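Chemist: Encoded as C-alpha cells, here's the structure I'll be asking about.
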Amino acid sequence: MSFQGYVRSDGSVGTRNYVLVIPQGIISKSICEFIPGTKTILSVDHGSGRTANDRETIARVLIGLGKNPNVSSVILHAASPGVGYPELRVERLADEIASAGKRVEVLDPAKDGGTYGAIVKGMQRARQMVYEASRLRRESMGDEHLCLGVKCGYSDATSGIAGNPAVGYLYDKIVAEGGTALFGETTEIIGAEQVLAKRAVNPKVAQAILDVVAAQEVRAKATGLDIRTINPVPSNIKGGISSLEEKSLGAIRKAGTMPIQGVLQYAERPTGKGLYFVDNWMGHLSIFAGYVAAGANLVIFQLGGGGVAGRTLLEGSPSVVAPFLWTTANPETYRAAKDSIDFYSGTVIEGSETPEEAGERLYRTVIDVASGTLARSETLNYSDPIDMYLQEPRF
Amino acid sequence: MASQDEGQEPMPVKRGLIMHPSDNVATVLEEIRAGEEVAILLSGAALTIRAIERIPFGFKIALQDVPRGSVIRKYGESIGKASVPVAKGAMVHIHNLEGVRARGDLERSSVG
C-alpha cells in the first residue's frame, strides 16, 4: 500500500511539512507564535554541567529532529556561539542537519542586532521558509518510507490482549512492506527478553538484547528495592497486571512478530529498514522525541486505562514534528476520551472484531494520518516540554 | 429449595481468555462473581472453570491448583511464582503471585 507524503531531497518521505526552529527560548517562541507551519521544542536541558556522553545525546536529539523527514527546513538559534560545548556548537548542528539536504538558517544575536534583531531576522526567514515548504505537493509513496515509534502506557489487561496486539499487527504489516518500526522501554522487556532474543536476525543482535536487559536489571537491583514498588506502576497493578514479567510479556506484543534487526541507543537512527529495539526509557516526555529524532514520521501511544479515570481530554506527548496517535482497547478509556482517541480495539474483547480486523483498521488509520488527516492530538495546540533520556550524573 | 434462576433464560456465558496452551491462568473478559462459571476460550476448545471468588474485568483466574513457589505462566512464559498456595478458580494477583525479576530487595537480603 501507499500513503501521500512529502518527498525530501535525501529520498526520505515526510508525513508532515514543518519548518523547525531549534533550540528553544524566547527567539524560537516569538517566531513560532507569529509564523504558522513552524514547530519548536521545549526542553529544560541545554547540556550545562552534563557529561560528554549526555551532551552527545542532546546533540543527537537536536540533529535528528532537524533531519526528520517531516521537516522541510530548519532555523537554528545559536545561544552562545563559539563558546559552547563542542558537541552542541551551532556550526556542528547546522552542518549535520544540512547534510540531509535541508536549508538551515542560523540566528546569532551577537551578529544579528541582539535578541530583538535575531527575532526579526528569524521571522523574516521563517516566513520565506514556510512559503517555500507550502509549494511542495504530497505524492503517492510506498509504505517502505514509513517509520513508526510506539509506547504503551497506563497498561492494563486490555493492553496485552487487544491494544498491543493491534499495534503488533500494524508493525508486522509495515515491516513486511519494507518500512521501519521502533519499539523500546528496556525495563518493560525484563522477563520477556528471552522471547525477543529468539527473534533477533543474528546471534550478535540477540546478545545485544540480552545485554541491555541485563544492564538494566543490574541497575534495578542496585536500588535495593522491590521493583514492584516502582514498575509495574500503581495504575498497572490497579488494571490487573501483577508483576513486571507479566507487564513485559504483554508489552512486547506491540512489536509484532518480525525479526529484530538491531538494538539502538536513544535517538539513534537505524541503519536499515525493519524492526528495531531501542534501549530507552518509558517516560512519555522522553521516548517520543527520541523516536522522532531517530527518524520516525508517525508515533503511537497505546493506552490502557488504569490511572486515567476522569481524563476526558488526552493531550499528545511531545513528538515535535511527528503526528501522535492515541490508541486504546479499554472501553472505559475510550468512552471517557472519545474525541482524543484515534483508534479503539476493545472490539476484539467484545467479540465484534478479530484481532486481524482490528489491526487492519489501525493500519488504514495510520495511512490516513500519514497522508494528512490530522491525528486527534494535532487538533490541540498544546505541547509539554520534552525530557531527553540522559543517564549520567550532573556536575 | 429451587434457585431464583430456575426456569428462566440461562445466564449468558462469561468469558475468559487463555494466551497460550501451557498457561495456568486466564484473563477474565468481564467481571465474575464468586461461584460463577467462566468459559475459557482456547483455539476452538472450551474449558469451563468455576470462580471461587469475585474477579474483576481483566484480572486473572487460576486454571488449576498452584503450590507455593511454583511458576505461574501466562503468554507461555513465567510471570512469577505463587507466593502462597493458589486454589483452582481463585483470582491471581499481587496477593498470591510475586515477580522474581529485578528484585533488589531479594538481592539485599541474600547478600546479608
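Coordinate-derived values only; no laboratory data. Remember, predicted model here, so these are calculated numbers, not experimental data. Here the Cβ is made from the backbone with ideal geometry for all residues, glycine too, and neighbour counts use every protein chain on show.
Chemist: Averaged over peptide A:243-254, how many Cβ atoms belonging to another chain are found within 10 Å of each residue's Cβ? Write out the running numbers ahead of the final one.
Modeler: Numbers: counts 14, 7, 12, 12, 2, 5, 9, 5, 0, 2, 2, 0.
Partner-chain Cβ atoms within 10 Å, mean over residues of A:243-254: 6.
Chemist: So if I take the alpha carbon set of region B:43-111, get Rg, then get Rh from the Kirkwood formula, what is the Rg over Rh ratio?
Modeler: 1.04
Chemist: Using a/c under 1.5 as the rounded threshold, could you call region A:190-238 rounded, prolate or oblate? The axes a ≥ b ≥ c are square roots of the C-alpha gyration tensor eigenvalues, and prolate needs a/b larger than b/c, oblate otherwise.
Modeler: Oblate, because a/c is 1.5 or more while a/b does not exceed b/c.
Chemist: Sticking with this structure for a sec: Using 0.36 nm times the number of residues separating residue A:132 and residue A:368, minus their current alpha carbon distance, what extension gain do you get? Provide the component values of the computation, followed by the final result.
Modeler: Values: separation 236, 0.36 × 236 = 84.96 nm, distance 2.45 nm.
That pair, residue A:132 and residue A:368, stretches by 82.5 nm at full extension.
Chemist: Moving on. Within region A:90-109, whose backbone N sits under 16 Å from a point 7 Å along Cα→Cβ of residue A:124?
Modeler: Zone members listed by number: A:105-109.
Chemist: Follow-up. What pairs from A:273/B:74; A:221/B:88; A:198/A:238; A:173/A:204; A:151/B:14 go past 27 Å between their alpha carbons?
Modeler: A:273/B:74; A:221/B:88; A:198/A:238; A:151/B:14
Chemist: I would also like to ask the following. Other chains near B:90-98: what is the mean number of their Cβ atoms within 10 Å of each residue's Cβ?
Modeler: 3
Chemist: By average Cβ neighbour count within 10 Å, what is the ranking of A:308-321, A:8-21 from highest down?
Modeler: Answer by packing, highest mean first, reads A:8-21, A:308-321.
Chemist: For region A:118-220, just list the percent of Cα-Cα distances falling in each 5 Å bin from zero outward, please.
Modeler: 2, 9, 12, 15, 15, 12, 8, 7, 8, 9, 3, 0
Chemist: Using the charge dipole of the protein assembly as shown (Lys, Arg: +1 at Cβ; Asp, Glu: -1 at Cβ; taken about the Cα centre), state which of A:114, A:370, A:230 has its Cα farthest towards the positive end.
Modeler: About the Cα centre, the residue reaching furthest to the positive side is A:114.
Chemist: For a protection proxy built on the mean count of beta-carbon atoms within 10 angstrom, sort A:219-225, B:60-66 highest first, please.
Modeler: Numbers: A:219-225: 15.6, B:60-66: 20.6.
Order by mean packing, descending: B:60-66, A:219-225.
Chemist: Tell me the net charge near residue A:179. Cut-off is 12 Å between Cβ atoms, residue A:179 excluded, with +1 for each Lys or Arg and -1 for each Asp or Glu. Let's see the in-between values first.
Modeler: Values: positive: A:173, A:273; negative: A:143, A:144, A:172, A:177.
Summing Lys/Arg as +1 and Asp/Glu as -1 gives -2.
Chemist: What is the P(r) of region A:18-135, as percent of Cα-Cα pairs per 5 Å bin from 0?
Modeler: 2, 13, 23, 25, 21, 11, 4, 1, 0
Chemist: What residue among A:191, A:76, B:26 has its Cα farthest toward the positive end of the dipole of the protein assembly as shown, where the charges are +1 on Lys, Arg and -1 on Asp, Glu, each on the Cβ?
Modeler: A:76
Chemist: For region A:142-379, take the alpha-carbon Rg, divide it by the Kirkwood Rh, and send me Rg/Rh.
Modeler: 0.94
Chemist: Select from chain A the helices, each a whole stretch of DSSP H, whose alpha-carbon atoms run 27 Å or more along the helix axis and whose Kyte-Doolittle mean is at least -0.5; answer none if there are none.
Modeler: Span-like helices in chain A: A:114-134, A:203-222.
Chemist: To continue, here is another question. Suppose we keep just the alpha-carbon trace of the protein assembly as shown; what are its Rg and Dmax in angstrom?
Modeler: Considering the protein assembly as shown through its Cα atoms, Rg and Dmax are 24.7, 94 Å.
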